[in-house]
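> Supplied in structure tokens, the structure appears directly below.
The values are calculated or read from the model by the stated rules, or taken from the named source; none is laboratory data. Here the structure is a predicted model, which means the values were calculated and not measured. For neighbour counting, all protein chains shown are included, and Cβ atoms are generated from backbone atoms with ideal geometry for every residue, glycine included.
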Ligand SMILES: [Zn+2]
């Protein structure tokens, strides 16, 4: 993950503009649906995919298995039990 080092203020309605460099790099267009989560370390935001690990909530390296998305870490944990 890159640390871009940009700082933005929320407006009076709680909105924030995602810098154009980040939008271009991540392929985020004008009407892209976004989803976000509050975590212990901060806010996670990404393009909406509807996919999240059913066991731990991770967003990456997901595999569809028996009607659920499972991340590689949880899949490995299940294999080693
Ligand atoms: Zn997981």
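> Can you tell me which residue among 63, 32 is assigned by TED's automatic domain parsing to the domain that holds residue 16 and touching a strand residue (DSSP E or B) at 6+ places or on another chain (Cβ under 6 Å)? First the steps, then the outcome.
Numbers: 63 fails: assigned by TED's automatic domain parsing to the domain that holds residue 16.
None of the other options fit; the residue is 32.
> Also, I was wondering about something else. Could you list, in sequence order, the residues of segment 33-62 that are more than 19 Å from residue 18 (Cβ to Cβ), within 10 Å of the ligand (Cβ to nearest atom) and either in contact (Cβ under 8 Å) with a residue 12 or more places away in the chain or not in a strand (DSSP E or B) (or both)?
52, 53, 54, 55, 56, 57, 58, 60, 61, listed by residue number.
> Exactly one of these conditions fails for residue 21: (1) modelled with pLDDT of 90 or more; (2) within 16 Å of the ligand (Cβ to nearest atom). Give me its number.
(2)
> Then there is this: If you go through segment 23-63 one residue at a time, how many are surrounded by 12 or more Cβ atoms within 10 Å (Cβ to Cβ) and more than 22 Å from residue 74 (Cβ to Cβ)?
6
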